[in-house]
1. Provide the packing ranking of A:10-22, A:51-63, i.e. peptides ordered by the mean count of other C-beta atoms within 10 Å per residue, highest first.
2. Per residue, how large is the accessible surface of chain B? Use a 1.4 angstrom probe and give square angstrom.
3. With the full set of protein chains in place, find how many percent of the accessible area of the protein assembly as shown is carbon and sulfur; take the probe as 1.4 Å.
4. Can you give me the C-alpha center-to-center distance between the range A:145-169 and the range A:103-130, rounded to a whole angstrom?
5. Which residues in the range B:47-62 place their backbone N less than 20 Å from a point set 7 Å from the Cα of A:R96 along the Cα-to-Cβ direction?
6. Exactly which chymotrypsin sites (Phe, Trp or Tyr not before Pro) in the range B:104-178 are in a DSSP loop and have at most 12 other Cβ atoms within 10 Å?
7. Note down the nm distance, to one decimal, between modelled labels 7 Å out along Cα→Cβ at A:S6 and at B:R140.
8. Can you list the residues of the range A:161-200 whose accessible area drops by at least 30 Å² going from the chain on its own to the full set of protein chains, with a 1.4 Å probe?
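The values are calculated or read from the model by the stated rules, or taken from the named source; none is laboratory data. The shown structure was predicted, so the numbers you read here are calculated from the model rather than taken from an experiment. Here Cβ is always computed from backbone atoms with ideal geometry, including for glycine, and neighbour counts include all displayed protein chains. SASA here: full protein model, heavy atoms, side chains in, ligands and nucleic acids out. Shrake-Rupley method; radii C 1.70, N 1.55, O 1.52, S 1.80 Å.
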Amino acid sequence: MAMISSGTLDRRAVVNALLAERGELAVIAGLGAPAWDITAAGDHPRNLPLWGGMGSAASIGLGLALAQPRRPVLVITGDGEMLMGLGTLATIAVARPPNLSIVVLDNEHYGETGMQRTHTGAGVDLAAMARGAGIPRVHAVRDEAEVAPLRAAIHEASGPLFAQVKIKADALKLVLPPREGAYLQARMREAILGPQAHLA
Amino acid sequence: MDVAPAATEEWPGALFALLKSHGIRQVAFVPDAGHSHLIRRCEEDPDIKAVVLTTEEEGIGLMLGAWLGGERGVLLMQSSGVGNCINMLSLATLHRTPMPMIVTMRGDFGEFNPAQVPMGNATQTVLEAMGTLVRRADHREDVVPTVDATLRMAFNTFRPTATLIGQRVLGAKTFGKE
């Protein structure tokens with residue numbers, strides 16, 4: 001099924017490119033397609049795909065970035081999820097963690113509920129809102145050639161950074177991550193903190 | 001503005017010492033008169049990241065992120081803010097994340113403002129409905145031991161916990177009408 005989006009990029013290709021040679025990167029994915037996308041790129045202990053808490057992905061990334069200031073932290077989420085927590089852009093701009101990047105895969109639709117149009121399909125400009133909030137590095141990505149520089153900027157950790165990536169509104173094959181939240185949390189803690197994570 | 005504890009009250013300073021003794025490194029809040037002393041102490045401490053939120057539900061996400069990265073967080077809020085957190089509290093249950101909350105009550109004991117009553121009256125019920133262990137402190141001497149228990153139960157048993165500091169401790173604002 002292909003709905004009309006102003007974007008032309010393929011979401012899985014973008015996510016694969018952003019997660020290539022990921023190094024110490026920790027990744028939070030908003031619920032729905034972004035969680036399937038990071039899993040399609042290869043499940044990883046430093047991935048936290050969300051199954052709920054819509055609107056929370058960016059604030060989870062903020063807490064993690066503040067706790068791990070020397071590690072790049074990437075939040076990959078959708079336009080619908082970001083629209084539910086827009087205030088967090090202001091909170092992030094004020095807290096200013098340089099190692100935090102928020103990438104919104106913007107297909108201008110709510111994918112999980114049947115591809116209804118989001119506000120970004122009606123002209124709402126998330127990149128402009130991020131700039132207005134005071135996020136110092138903002139990328140508006142429409143071309144494939146802009147993806148590699150975005151990946152490099154994420155690893156540079158001189159943000160906070162916000163990127164709006166305009167993608168096609170394709171409904172792709174589901175690639176489901178584990179859905180036991182305690183396992184997902186514990187494995188990331190162990191990957192970051194070592195076995196003593198469970199003795200804290 | 002709401003009612004702030006008098007500068008002569010000792011419990012706000014003791015609460016700060018308690019947060020330090022529990023190794024709290026991230027303190028999230030929406031500005032609140034009842035928590036104003038504690039917030040100021042946290043903002044002045046170089047080892048604490050004091051994070052100002054636009055809405056309390058961001059604090060739930062923040063505490064999950066902090067825990068993922070090996071830091072302990074706490075959320076300070078007013079009872080009205082609890083209503084903003086309801087769905088996000090599912091994150092604590094789903095992931096088994098320690099999420100201690102310290103809530104200053106409105107609409108609770110001698111309230112003047114009718115708008116504060118519906119959420120104040122529902123605060124404990126909705127927190128418990130979302131799996132939070134709730135304890136109340138209705139006398140000033142109970143505040144520190146109750147928050148201590150709330151922090152211990154969060155980090156020792158991996159769940160959302162809350163202390164509700166009653167309006168009887170804080171006093172009710174009367175807008176000049178006695």
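1. Numbers: A:10-22: 18.5, A:51-63: 26.9.
By packing density, highest mean first, the sequence is A:51-63, A:10-22.
2. Values: 7030 Å² over 178 residues.
Result: 39 Å² per residue.
3. Numbers: 8020 of 14840 Å².
Looking at the protein assembly as shown in its full context, I get 54 percent from C and S.
4. A separation of 17 Å, based on Cα centres.
5. Backbone N within reach: B:47-54.
6. Values: sites: B:F109, B:F112, B:F155, B:F158, B:F175; in loops: B:F109, B:F112, B:F158, B:F175.
Taking the range B:104-178 and a limit of 12 other Cβ atoms within 10 Å, the loop chymotrypsin sites (Phe, Trp or Tyr not before Pro) found are B:F175.
7. Distance between the two pseudo-spin positions: 5.9 nm.
8. Buried on complex formation: A:G181, A:A182, A:Q185, A:R189, A:A200.
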